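The values are calculated or read from the model by the stated rules, or taken from the named source; none is laboratory data. This is a predicted model, so every value here is computed, not measured. No Cβ is skipped: glycine too gets one built from the backbone with ideal geometry, and neighbour counts run over all protein chains shown.
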Amino acid sequence: MKLLKQSLVLTLCCIAVFGFVYPLLIWGVAQVAGPNNGKGEVVEYNGRVVGFKLIGQSFTEDKYFNSRPSAVGYNAASTGGSNKGPTNPDYLSEVQARIDTFLAHNPGVAKSQIPVDIVTASGGGLDPHISPQAAYLQVKRIAKVRNLAENEVKALVDEHIDGPLLGLMGTSKVNVLKLNIALEKLAKK
Amino acid sequence: MFQEILGIIAIFLLAVVLAIPLGKYIVKVFKNEKTWSDFIAPLEGFIFRISTIDPTEPMDWKQNMKAMLVLNGVFFVWAMLLLLTQGIHPFWNPDNIAAMEPTQAFNTAVSFTTNTNLQHYSGEASASYLTQLLVFCFLQFVSAGTGIAALALLFQGLLLKQSTTLGNFYNLFLKSCTRILLPISVVIAIILLTNGMPATFKGAEQVITLQGDTVSIARGPVAPMVTIKQLGTNGGGYFGSNSTHPFENPNYLTNMVENFAIILIPIALVFAFGFYIHRPRLGYAFFCVMTLLFLLFVGISVSQEMGGNPMLAKMGIDITAGNMEGKEVRFGTAASSMWGVSTTSTSNGSVNSMHDSHMPLSGGVFILDMMINAIYGGVGVGLINFFVFVVIGVFISGLMVGRTPELLGKKIEAKEIKIAALIAILHPMLILVGTALSSHLAAGNGGEVGYGGSAQWLNNPSFHGFSEMLYEFTSSSANNGSGFEGLGDNTPFWNIACGVVMLMGRFLPIIGPLAIIGSLAAKKSVPQSAGTLQLDSYAFSAVLLSVIIIIAALSFFPALALGPLAEYFMI
């Protein structure tokens with residue numbers, strides 16, 4: 001009985017310290033040091049919030065740089081991946097269908113140029129990035145749909161490539177939302 | 001390509017280099033020596049005073065185990081209570097999340113109490129902010145503290161001679177939380193939040209996207225929770241998709257920091273072992289045995305994932321980026337493999353890619369990693385598991401040379417060996433019996449094992465479907481918590497079966513070795529002689545490696561052959 005009482009009080013103290021004081025301390029630091037006071041960095045366009053910098057969104061129309069497929073349709077209230085195994089026949093035919101769709105929307109692109117990231121779904125379903133290669137392949141289509149010069153659109157992609165950390169570690173990528181906002185601005189000029 | 005490899009080398013080296021001073025610091029904390037963190041002492045003193053606990057009272061191994069079990073029992077009841085009532089709590093629930101279904105609440109409460117953090121729920125949809133902090137964040141500290149304290153008792157027992165008492169569990173438990181986990185958490189959480197990880201009590205935000213879709217974006221007090229889930233080898237993510245979610249892992253730098261946090265304390269504890277018993281060479285020797293396997297597994301997984309899926313290559317596309325299904329462009333394949341091996345070898349269980357979509361051999365390596373469950377291992381418990389292998393290794397070496405086996409000057413006798421052997425076969429038993437039972441149920445009623453079968457809980461057909469069930473039970477028994485998440489595991493069968501396996505897989509492998517230590521501490525020390533087995537020799541390291549491979553790998557080989565290996569040969 002004494003043991004139980006001791007454990008109860010010790011538990012309550014630990015809840016106070018680790019479940020209450022510690023998170024509030026971190027929250028307090030975020031108010032000062034976190035981007036947008038710890039509420040998540042938002043992206044604005046035309047005076048309204050169009051999304052969060054880190055959270056990918058669905059771009060399927062031909063006039064935008066398309067984002068990666070998502071197993072949850074970029075639903076940021078219920079995230080996840082496809083969890084399909086690499087040999088699952090349903091998965092393989094799904095990828096095949098994505099390849100066919102990509103080719104149909106991007107005439108002139110050779111199949112061997114299509115990078116794997118643009119036809120596979122990410123882990124969280126909210127990947128904000130595509131590979132530079134996936135962006136370059138869409139330049140021709142976008143230039144045509146929007147009546148822009150191809151080299152102008154390509155220059156836009158060049159500007160938005162986010163290289164490896166310190167140039168040394170990690171991957172190269174392009175933030176699709178930022179790239180598309182820049183594209184909208186370019187088209188308005 | 002090259003940059004991706006460089007990134008993972010940097011993570012590993014940074015962790016090893018910092019683990020050495022951390023190991024020394026941990027020893028000071030365990031031995032109640034003076035450290036820079038003594039400013040926390042008044043808080044600890046206050047907590048002990050109001051709980052009427054005397055932290056200096058020596059207790060024998062049974063009293064210590066009783067203290068641990070009762071305390072963990074209270075944690076469990078607290079978690080159950082809150083999960084079942086979270087819908088009616090008056091604050092910190094801006095998204096109006098309802099109470100959990102009872103079997104799911106049972107599974108979740110067990111899962112977080114046992115440091116497993118298997119998640120049959122999805123954080124953004126099924127847990128209020130109050131639950132995330134007062135249950136999950138809190139339990140991720142104290143379950144890690146429980147493991148570290150148990151290990152500290154084991155260290156102490158190895159040093160003692162003819163002593164019935166070991167040390168004080170409460171003292172070691174609270175100091176593990178306040179002196180080791182808390183300070184490092186604060187530093188890492190600040191790095192993460194400055195990189196854009198949210199720490200807010202505002203609810204989900206409705207946004208109309210550039211293309212015109214309306215989406216609701218979940219957020220919350222993410223940074224404090226993610227930090228401790230990485231550091232305490234917990235793995236219980238804030239969001240359902242864990243560290244693949246951009247809010248839970250914003251960029252490559254945070255990925256490096258989070259992966260570093262997974263392996264930091266487990267490696268530091270191995271070094272701390274050597275420092276504690278005044279034989280640093282032994283700590284380094286154990287580290288080398290573990291590292292050999294760790295690097296082998298990283299090598300296999302990285303080559304598989306960077307090599308990409310041959311079945312997609314056949315379709316004629318460019319697969320130089322590797323197997324990107326279930327992976328994030330900002331991390332790439334190498335960092336996903338490194339994380340996968342880190343998280344499965346340390347019983348962490350967080351993910352930054354979907355393990356279900358890894359190539360068969362890569363997924364197989366993850367399963368094998370959890371089957372061994374002692375390559376660095378979970379905080380505290382990993383080294384306790386390794387200790388069981390050491391006892392068996394010492395016994396086998398003793399048999400080979402015809403001497404009574406000795407461990408650090410203590411005779412190992414029938415009683416200790418029996419306990420060690422029982423604990424060593426417990427893990428295979430829990431995993432294989434569970435997998436066999438679920439396979440039987442999945443194949444029942446004439447349906448084949450596959451997602452067309454009657455059980456309907458598999459997301460993939462054939463061998464991969466079997467791997468999903470094998471992974472789930474291995475993860476539960478190893479107190480890992482990651483999953484082949486395609487498995488539809490939120491059913492009463494999986495909630496209860498995994499809950500029971502987690503409980504047994506957590507507490508028996510702590511109680512057994514502590515019983516061995518209790519008995520060793522009471523023994524007289526045998527003087528060293530020329531014939532004494534040198535534990536830090538290459539010969540003994542080789543014996544240890546063989547014991548690990550024979551016990552862990554071979555008892556599971558048939559199951560692995562039916563799952564990942566069969567799928568590999570199908571490609």
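Inclusion of A:Gly19 among residues that are under 24 Å from B:Leu133 (Cβ atoms), assigned to a loop (DSSP other than H, G, I, E, B) and without any contact (Cβ under 8 Å) to a residue 24 or more places away in the chain is not warranted. Before we move on, is A:Arg68 buried (at least 20 other Cβ atoms within 10 Å of the Cβ) and at the interface with chain B (Cβ under 8 Å from one of its Cβ atoms)? The answer is yes for A:Arg68. Which members of the stretch A:76-96 meet the condition of being at the interface with chain B (Cβ under 7 Å from one of its Cβ atoms), surrounded by 18 or more Cβ atoms within 10 Å (Cβ to Cβ) and not hydrophobic (A, V, I, L, M, F, W, C)? A:Thr79, A:Gly80, A:Gly81, A:Ser82, A:Asn83, A:Lys84, A:Gly85, A:Pro86, A:Thr87, A:Asn88 - these are the residues of the stretch A:76-96 that are at the interface with chain B (Cβ under 7 Å from one of its Cβ atoms), surrounded by 18 or more Cβ atoms within 10 Å (Cβ to Cβ) and not hydrophobic (A, V, I, L, M, F, W, C).
The set of residues from the stretch A:103-126 being farther than 15 Å from B:Glu325 by Cβ and surrounded by 22 or more Cβ atoms within 10 Å (Cβ to Cβ) comprises just one member, A:Leu126. How many of the residues making up the stretch B:29-87 are among the polar types (S, T, N, Q), more than 8 Å from every other protein chain (Cβ to nearest Cβ) and farther than 30 Å from B:Pro102 by Cα? Here the count works out to 6.
Scanning the stretch B:209-219 for residues that are more than 7 Å from chain A (Cβ to nearest Cβ) and at pLDDT 90 or above returns a single hit, B:Thr214.
Residues in the stretch A:1-52 that are surrounded by 16 or more Cβ atoms within 10 Å (Cβ to Cβ), more than 7 Å from every other protein chain (Cβ to nearest Cβ) and farther than 30 Å from B:Leu71 by Cα: 2 in all.
Once the stretch B:301-325 is narrowed to residues that are touching a residue at least 40 places away in the same chain (Cβ under 8 Å) and within 7 Å of chain A (Cβ to nearest Cβ), the residue that is nearest to A:Asp127 (Cα to Cα) is B:Asn309. Here is a check on your reading of the model: is B:Gln86 over 25 Å from the mean Cα position of the chain (by Cα), surrounded by 20 or more Cβ atoms within 10 Å (Cβ to Cβ) and not aliphatic (A, V, I, L, M)? The answer is yes for B:Gln86. Out of curiosity, is B:Leu422 farther than 14 Å from B:Ala552 by Cβ and surrounded by fewer than 24 Cβ atoms within 10 Å (Cβ to Cβ)? Against the criterion (farther than 14 Å from B:Ala552 by Cβ and surrounded by fewer than 24 Cβ atoms within 10 Å (Cβ to Cβ)), B:Leu422 qualifies. Quick one: which of A:Tyr91, A:Tyr74, A:Tyr64 is among the aromatic types (Phe, Trp, Tyr) and in contact (Cβ under 8 Å) with a residue 60 or more places away in the chain? Result of the check over A:Tyr91, A:Tyr74, A:Tyr64: A:Tyr64.
Inspect the stretch B:348-362 for any residue being more than 14 Å from chain A (Cβ to nearest Cβ), part of a loop (DSSP other than H, G, I, E, B) and not aliphatic (A, V, I, L, M) and give the result as yes or no. The answer is yes, given that some residue of the stretch B:348-362 is more than 14 Å from chain A (Cβ to nearest Cβ), part of a loop (DSSP other than H, G, I, E, B) and not aliphatic (A, V, I, L, M). Taken as a whole, the stretch B:62-72 holds no residue that is out of contact with any Phe, Trp or Tyr (no Cβ under 6 Å at 6 or more places or on another chain), assigned to a helix (DSSP H, G or I) and of a type in the set (Gly, Ala, Ser). Each residue in the stretch A:174-189 was checked for being touching a Lys or Arg at 6+ places or on another chain (Cβ under 7 Å) and modelled with pLDDT of 95 or more, and 0 pass.
Check B:Leu544, B:Leu533, B:Leu470, B:Leu560 and return the single one that is within 14 Å of chain A (Cβ to nearest Cβ), crowded, with 17+ Cβ neighbours inside 10 Å and touching a Gly at 6+ places or on another chain (Cβ under 9 Å).
Exactly one residue qualifies, and that residue is B:Leu470.
Per the listing B:Gly518, B:Gly512, B:Gly483, the residue uniquely small (Gly, Ala, Ser), more than 20 Å from the chain's Cα centre (by Cα) and either more than 29 Å from B:Met570 (Cα to Cα) or modelled with pLDDT under 90 (or both) is B:Gly518.
Kindly indicate the residue of the stretch B:71-83 that is buried (at least 17 other Cβ atoms within 10 Å of the Cβ) and without any contact (Cβ under 8 Å) to a residue 40 or more places away in the chain and also farthest from B:Thr200 (Cα to Cα) among those meeting that condition. The qualifying residue farthest from B:Thr200 (Cα to Cα) is B:Val74.
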